[in-house]
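These notes concern the structure reproduced below.
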Amino acid sequence: MHGHETGYLDSSYINGAGQFWAVAVHAKVEGIGVESDWRCPVGNIDPRVGGASGSQHVLGKAGDFYADDWGDSVYDLMEGAARAAGAGYWYRDVAHIHVDWR
Ligand SMILES: [Zn+2]
C-alpha cells in the first residue's frame with residue numbers, strides 16, 4: 001500500500017503471541033484470529049485504522065485478537081492468556097483485545 005507491505009514482527013511478539021494463542025485455545029476460547037499486527041508507519045496513522053503514532057503495532061510488538069462470543073467471559077480468558085504469555089500491556093477494545101510485548 002505504501003511500499004511497506006513487508007513489515008516485520010518483533011521476536012517478542014512472535015514468541016508471546018504464540019504462547020498467548022496456545023493458552024487461549026487451551027482455555028477453550030474459540031474462533032481466535034488476528035485483526036491486526038504489524039502496521040506500517042504510514043498506514044498506522046490512517047484515521048480508518050485509528051492507530052496511535054508510535055504504536056507498538058509499528059514496532060511489530062502488538063496484536064489485536066478477536067474471538068467468537070466476544071464478551072466479558074471471553075475477554076477475561078484472553079486477558080489471562082496475555083498475562084500468562086508475559087505481555088507487557090493489554091486493553092479491551094470494542095471487539096478485540098490489544099496485547100503487546102513492549
Ligand atoms: Zn492494537
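Any read-out appearing in this document is the output of simple, stated calculations on the displayed coordinates, not a laboratory observation. Here the structure is a predicted model, which means the values were calculated and not measured. Here the Cβ is made from the backbone with ideal geometry for all residues, glycine too, and neighbour counts use every protein chain on show.
Report note on the peptides 22-34, 61-73: ranked by the mean count of other C-beta atoms within 10 Å, highest first, their order is 61-73, 22-34. For the chain, adding -39500 (n - 2.57) for each run of n ≥ 4 DSSP H residues and dividing by the number of residues yields -10000 deg cm²/dmol at 222 nm.
Between ALA87 and any residue 5 or more places off or on another chain, the built amide H atoms are never under 5 Å apart. Once Rg and the Kirkwood radius are both taken over the C-alpha atoms of the range 11-100, their ratio Rg/Rh works out to 0.96. Relative to the longest principal axis of the Cα atoms of the chain, the long axis of helix 72-84 makes an angle of roughly 70 degrees.
A Förster radius of 41 Å, combined with the Cβ-Cβ distance separating TYR91 from VAL42, puts the computed FRET efficiency at roughly 0.95. Taking the average, over residues, of other Cβ atoms within 10 Å as the packing measure, peptides 38-45, 77-84 rank 77-84, 38-45 from highest down. Simple rule: put +1 on each Lys or Arg Cβ and -1 on each Asp or Glu Cβ in the chain, find the dipole, and look at GLY18, VAL94, GLN56; the Cα lying farthest toward the positive end is GLN56. Of the residues MET78, VAL42, ALA27, the one whose Cα sits farthest toward the positive end of the charge dipole of the chain, with +1 on the Cβ of Lys and Arg and -1 on the Cβ of Asp and Glu, is VAL42. The charge dipole of the chain, taken about the Cα centre with unit charges on the Cβ atoms of Lys, Arg (+1) and Asp, Glu (-1), comes to about 320 debye, rounded to the nearest 20. Angle check, please: helix 11-26 long axis (alpha carbons) against the longest principal axis of the chain (alpha carbons), in degrees 0 to 90, nearest 10. So the inclination is approximately 30 degrees.
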